[in-house]
Amino acid sequence: MTLTDGDIERIAQLIFEKLLEKQKSFEEETEQVYHIYDELGKVEIVSEQEFYEYELDRLIDLERKYVEEEEFEKANIIKNKIRKVKLKIKKQNGI
């Protein structure tokens, strides 16, 4: 049995589509890993929720520092970042 160029192309297309399906299902099954670092450089792997909570705490501390130092422009930039992180947390919690 001899395969024509059209048959070979059709088989290649089917294989390609199957590979795309497998890749998509793999990506959906795989949870993204988040890393946080403490002041000493120690690395900890955390969930997405924990990462955003850590980031929110860090940004709030930074905003407080800028306000105390009367660097209001920097504090305003951090305030916008805080708002974005809070939106991500709400979206993740389905609120």
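No lab work stands behind these numbers, since they all come straight from the coordinates. These figures come from a predicted structure and were not determined experimentally. Because the Cβ atoms are built from the backbone with ideal geometry, glycine has one as well, and the counts that use them run over all protein chains shown.
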Computed over the chain: relative contact order in percent, which uses C-alpha pairs under 8 Å that are six or more apart = 18
Estimated FRET transfer efficiency (GLU48, GLN13; beta-carbon r; R0 25 Å; 0.05) | 0.10
Structure-derived Cα extents along the principal axes in Å: which label, when the choices are (i) 79, 33, 24; (ii) 51, 36, 35; (iii) 81, 29, 25 | (iii)
On a 0 to 90 degree scale, rounded to 10, what angle separates helix 48-68 from the longest Cα axis of the chain?
-> 30
Under a plain spin-label model, where a point goes 7 Å from the Cα along Cα-to-Cβ, how far apart in nm are GLU69 and GLN92?
-> 2.7
Below 18 Å Cα-Cα, how many Lys pairs turn up in the chain? Only count pairs eight or more apart in sequence, or on different chains, if you could.
-> 8
Taking SER25, SER47 and counting other beta carbon atoms within 10 angstrom, the fewest-first order is SER25, SER47
Which value in deg cm²/dmol, rounded to the nearest 500, describes the helix-derived mean residue ellipticity at 222 nm for the chain, given -39,500 (n - 2.57) per DSSP H run of n ≥ 4 and division by the residue count?
-> -25000 deg cm²/dmol
Taking the C-alpha atoms of the stretch 46-95, how large are the radius of gyration and the largest Cα-Cα span, Dmax, in Å?
-> 11.9, 36
Amide H neighbours of TYR34 under 5 Å, counting only residues 5+ apart in sequence or on other chains, H built in-plane at 1.01 Å?
-> VAL46
What distance in nm separates the simple spin-label points at ASP5 and ASN76, each placed 7 Å from Cα in the Cβ direction?
-> 6.4
Between helix 72-93 and the chain: long-axis angle, C-alpha atoms, 0 to 90°, nearest 10 | 50
